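Take this structure, written in structure tokens, and hold onto it; I'll ask about it next.
The values are calculated or read from the model by the stated rules, or taken from the named source; none is laboratory data. The structure presented is a predicted model; accordingly, all values stated were derived computationally and were not measured. Positions of Cβ are backbone-derived with ideal geometry, glycine not excepted, and every protein chain shown enters the neighbour counts. Ligands, DNA and RNA are excluded from the accessible area calculation, which covers all protein heavy atoms including side chains. Shrake-Rupley method; radii C 1.70, N 1.55, O 1.52, S 1.80 Å.
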Amino acid sequence: IAGITQAPTSQILAAGRRMTLRCTQDMRHNAMYWYRQDLGLGLRLIHYSNTAGTTGKGEVPDGYSVSRANTDDFPLTLASAVPSQTSVYFCASSEQGGVGYTFGSGTRLTVV
Amino acid sequence: GESVGLHLPTLSVQEGDNSIINCAYSNSASDYFIWYKQESGKGPQFIIDIRSNMDKRQGQRVTVLLNKTVKHLSLQIAATQPGDSAVYFCAENKGTYKYIFGTGTRLKVLA
């Protein structure tokens, strides 16, 4: 089934540890995005990539980094996790000029 | 920008009734709007979209209305069903590929 796969589904992480959230899509969409979702704050854009080889910062990029080595994969790395990064993280993709996003099922991350 | 609140607004609707979910957007230059549905434990799912040159668009059991004068979007769901229970978000286009999402409204369908 075409779509976005995120891994892990959930994770409890000690503060200060490094963590990479994985995102893979099989729709050959050019654009990919990482959002975090916090109650009362909605979805906030962390980083995005318009096409393989390029990335950009969203609303809340601090403490996160991304790479886009190819069309399908868009990993999100927390270099040194802090409790305020406890959230649900969603990866999404869209066609260039396409309407709307396709979202993954999310990764629930708890930093303790 | 988005309003920040501790609690998600909730709309409770009797099964079979119509639901109206409202959204205020911030950027008068936004030219594209989308409604998403998010069920518990899942990612948001596209429902319906509308461009700024339209004021109404209909889908299957859903209608989106756009009032650019007051920067207001609404999603109408006809004959609400238990499967419609979810959180609904509006999103406005804020530049190429990027959208700003509202904080969401929780729809509860009462049997």
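For region B:23-46, name all the residues that are open to solvent by 50 Å² or more (accessible area, probe 1.4 Å) and in a strand (DSSP E or B).
The answer is B:Ala24, B:Gln45, B:Phe46.
Within region B:88-97, count every residue that is buried (at least 17 other Cβ atoms within 10 Å of the Cβ) and either at pLDDT 85 or above or over 17 Å from the mean Cα position of the chain (by Cα) (or both).
Residues meeting the conditions: 6.
Ok, one more. Would a scan of region B:49-58 turn up a residue that is hydrophobic (A, V, I, L, M, F, W, C) and either open to solvent by 20 Å² or more (accessible area, probe 1.4 Å) or in contact (Cβ under 8 Å) with a residue 60 or more places away in the chain (or both)?
Yes, there is a match, as at least one residue in region B:49-58 is hydrophobic (A, V, I, L, M, F, W, C) and either open to solvent by 20 Å² or more (accessible area, probe 1.4 Å) or in contact (Cβ under 8 Å) with a residue 60 or more places away in the chain (or both).
May I ask you to list pairs of residues, at least six apart or on different chains, whose Cβ atoms are under 7 Å apart, with the first in region A:38-64 being in a strand (DSSP E or B) and the second being surrounded by 17 or more Cβ atoms within 10 Å (Cβ to Cβ) and acidic (Asp, Glu)?
Pairs that qualify, where the first residue is in a strand (DSSP E or B) and the partner is surrounded by 17 or more Cβ atoms within 10 Å (Cβ to Cβ) and acidic (Asp, Glu), are A:Gly42/B:Glu2.
Would you confirm, using the coordinates I've provided, whether B:Leu107 is at pLDDT 95 or above and open to solvent by 20 Å² or more (accessible area, probe 1.4 Å)?
Considered against the rule, which asks whether it is at pLDDT 95 or above and open to solvent by 20 Å² or more (accessible area, probe 1.4 Å), B:Leu107 comes out as no.
Taking region A:65-104 only, how many residues are outside any strand (DSSP E or B), open to solvent by 20 Å² or more (accessible area, probe 1.4 Å) and modelled with pLDDT of 95 or more?
Looking only at that region, the number is 12.
Yes/no per residue for (1) open to solvent by 40 Å² or more (accessible area, probe 1.4 Å); (2) touching a Lys or Arg at 6+ places or on another chain (Cβ under 6 Å):
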residue	(1), (2)
A:Gln11	yes, no
A:Met32	no, no
A:Gly42	no, no
A:Ser49	no, yes
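In this structure, does A:Arg22 turn out to be open to solvent by 50 Å² or more (accessible area, probe 1.4 Å), at pLDDT 95 or above and in contact with a Pro (Cβ under 7 Å, 6 or more places away or on another chain)?
yes
Further, regarding this structure: Looking only at region A:51-64, count how many residues are open to solvent by 40 Å² or more (accessible area, probe 1.4 Å) and within 28 Å of A:Val112 (Cβ to Cβ).
Residues flagged as open to solvent by 40 Å² or more (accessible area, probe 1.4 Å) and within 28 Å of A:Val112 (Cβ to Cβ) within region A:51-64 amount to 4.
Okay, next question. Check B:Gln45, B:Gln58 and return the single one that is touching an Asp or Glu at 6+ places or on another chain (Cβ under 9 Å), of a type outside the set (D, E, K, R) and on the phi < 0 side of the Ramachandran plot.
B:Gln45
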